[in-house]
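Step one of this worksheet: look at the structure below.
The values are calculated or read from the model by the stated rules, or taken from the named source; none is laboratory data. None of the values given here were measured: they were computed from a predicted structure. Virtual Cβ from ideal backbone geometry, glycine too; neighbours counted across all protein chains shown.
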Amino acid sequence: MNVKRVYRLYTEEGLAVRRRKRKRLVRDRAAEPRLVRANQEWAMNFIVDGLANDRVVRILSVVDAFTRECLALEADTSLGSGRVTRVLEQLIDQRGLPENVRSDNGPEFTSRRMLGNPPSDR
């Protein structure tokens with residue numbers, strides 16, 4: 001018997017069809033740290049766009065998560081991990097070291113150059 005047919009026959013007879021509710025997985029939400037001031041957390045990511053001549057442009061954006069201020073935009077056809085570390089070092093010289101830097105697991109952010117040379121306190 002088809003579910004739709006059973007439903008139709010039940011409704012024709014005036015009977016109530018009991019539908020089972022789907023059990024949902026309940027997970028505890030991870031406690032996100034509260035942002036209370038500027039320069040506490042920076043978020044960085046790449047924006048990718050194509051040009052009319054079929055070339056790809058990549059833009060590194062670094063944003064302060066509390067103030068939503070764009071700290072850096074670095075655009076080029078190729079942005080390697082060396083260039084990313086240079087931009088971050090310039091920002092640290094200008095604004096100081098943030099407590100946390102949030103990014104995805106892209107190859108530029110997980111390279112040996114990025115992970116091996118943490119900037120010193122300035």
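Some observations on this one:
- Selected residue (criterion: farthest from the chain's Cα centre (by Cα)) from residues of the stretch 40-57 that are crowded, with 16+ Cβ neighbours inside 10 Å and not aromatic (Phe, Trp, Tyr): Gln40
- Given (1) of a type outside the set (Phe, Trp, Tyr); (2) at positive phi; (3) touching a Leu at 6+ places or on another chain (Cβ under 9 Å), index of the condition Val87 fails: (2)
- Within the stretch 39-75, the residues that satisfy the criterion of being under 26 Å from Gly116 (Cα atoms) and in a loop (DSSP other than H, G, I, E, B) are Asn39, Gln40, Ala65.
- For Leu15, the criteria (1) out of contact with any Gly (no Cβ under 6 Å at 6 or more places or on another chain); (2) modelled with pLDDT of 90 or more hold in every case but one, which is (2).
- Among the residues making up the stretch 76-111, a single one is touching a Lys or Arg at 6+ places or on another chain (Cβ under 7 Å), among the aliphatic types (A, V, I, L, M) and outside any loop (DSSP other than H, G, I, E, B): Ile92.
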